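> If you scroll down you'll find the structure; I have some questions about it.
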Amino acid sequence: MKTQFAFCAAGAALLASCASVDPNAEYAHVSAIAETESVSSTGDAADDPAVWVNTANPEASLVLGTDKQAGLYVYDLAGDVVQFLPTGAVNNVDLRQDVIFGSAAGIDLAAASNRTINGVTLYEISEAGEVTESTSFPVPTTEPYGLCVGYDENGYRVFVTYKTGQIEIFTVNAQSGGGYTATLDNTLQLSSQLEGCSYDEVQNTLFVGEEEAGLWRIDLNGAEEFARRMVDSVNSGSGLVADVEGIDIWRGPVNTGYLVASAQAGDRYVIYERAAPNRWVGTFSIISSFDGTFDAVTHTDGITVSSAPLGEAFPEGILVVQDDSDGENGTSQNFKFVSWSDVIASIEARSTPE
């Protein structure tokens, strides 16, 4: 059981605890304050998380995490397993809440790329947080890899990325008798292997990581040709290095907030402004906690970040990252939970002159 929390004090004391700053370090650093149990599969298994916010009781919010050899885990904010769904080789997962189809009541709907069925599996999440496998739909290309979703006036959209550099965009619709169908709306092509992505509804923009090249911003407002711009390239000096893996958005009011990307080989994370031109904000790593409760995070694959206040431990939201080696056993992987307040405090402290 992973029921321990390592709390950080607010204010000035914060900078001496989880968000401490070593002036000799190349980048800022923070520590996890909670972690999940290791996934049951050994080797390269844990991959990508997503946060479900319990709007009635934020401290009862949940984290969905994929075991790409076995299925989907559901964790509470202490990292304990509350559900496991053996739905196959699910790689990336994302969700949107209060999705409305026609005149039906809003539903919380998650999606995961699933290589077992060469498609996408959809999951419904109840108000109490129970996750239920719903429908799967096939994709036309072999081996769906990365995935993210969005929900706006265009409907519930699923973006699937591939090792070939291809991106497929689907719209999901509810069936009158239950379940869902999906329509392939568009296909885009980049040059090389992709995985992580995140969709920004406010800007109608898709952010995609080309693993060996950099972080792309793709404007989906165009009728035919979608304008694309590289936000940052690997080895640019920002701290972004290959593989560019997990990507997500910390969403502030309107168009404010942050874009976060994991730089796998560097064991670090790079933050940019959410709004164009997506200026670099800072770079940080996740080191072991001072009391040794939580080990350092290395070679992160998937990440997710939420700006929702989730109680005392996560007052400005949560960052969840995959850790390729859980320090307890060194053979299994898990997910680490970081307070977003700690991340920002660490970045701001490094940018403040002595």
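> Which number in (1) assigned to a strand (DSSP E or B); (2) within 26 Å of residue 46 (Cα to Cα); (3) in contact with a Lys or Arg (Cβ under 8 Å, 6 or more places away or on another chain) marks the one condition that residue 171 misses?
(2)
> Same structure again: Only one of (1) in contact with a Gly (Cβ under 9 Å, 6 or more places away or on another chain); (2) aliphatic (A, V, I, L, M); (3) farther than 15 Å from residue 335 by Cβ; (4) assigned to a loop (DSSP other than H, G, I, E, B) fails for residue 122. Which number is that?
Evaluating residue 122 over (1) in contact with a Gly (Cβ under 9 Å, 6 or more places away or on another chain); (2) aliphatic (A, V, I, L, M); (3) farther than 15 Å from residue 335 by Cβ; (4) assigned to a loop (DSSP other than H, G, I, E, B) leaves (4) as the failure.
> Please go through the stretch 247-258 and pick out each residue that is within 11 Å of the chain's Cα centre (by Cα) and either closer than 16 Å to residue 233 by Cβ or not hydrophobic (A, V, I, L, M, F, W, C) (or both).
So in the stretch 247-258, the residues within 11 Å of the chain's Cα centre (by Cα) come out as 247-250.
247, 248 - these are the residues of the stretch 247-258 that are within 11 Å of the chain's Cα centre (by Cα) and either closer than 16 Å to residue 233 by Cβ or not hydrophobic (A, V, I, L, M, F, W, C) (or both).
> Residue check: is residue 342 over 20 Å from residue 213 (Cα atoms), in contact with a Ser or Thr (Cβ under 8 Å, 6 or more places away or on another chain), not in a loop (DSSP other than H, G, I, E, B) and not aliphatic (A, V, I, L, M)?
yes
> Sticking with this structure for a sec: Could you list, in sequence order, all residues of the stretch 125-149 that are assigned to a strand (DSSP E or B) and not small (Gly, Ala, Ser)? Give the steps one after another, and end with the answer.
Residues of the stretch 125-149 that are assigned to a strand (DSSP E or B), as a first pass: 125, 131-138, 146-149.
Residues satisfying the conditions are 125, 131, 132, 133, 135, 137, 138, 147, 148, 149.
> In addition: Which pairs turn up if I take residues in the stretch 190-216 that are free of Cβ contacts under 8 Å to residues at least 60 places away in the same chain and look for partners that are among the polar types (S, T, N, Q) and outside any strand (DSSP E or B) with beta carbon separation below 6 Å, at least 6 apart in sequence or on another chain?
202/255; 204/221; 210/192; 211/193; 212/192
> Just checking: which of the strands (runs of 3 or more DSSP E) contained wholly in the stretch 249-322 hold 2 or more residues that are of a type in the set (Phe, Trp, Tyr), crowded, with 22+ Cβ neighbours inside 10 Å and touching a strand residue (DSSP E or B) at 6+ places or on another chain (Cβ under 7 Å)?
Working: elements: 257-263, 268-273, 280-287, 303-306.
Answer list for the stretch 249-322: 268-273.
Where a number appears in this text, it was derived from the coordinates with a stated rule and is not lab data. Since we're looking at a predicted model, the values are computed, not measured. Neighbour counts are summed over all protein chains in view; Cβ atoms, including those assigned to glycine, are modelled from backbone coordinates with ideal geometry.
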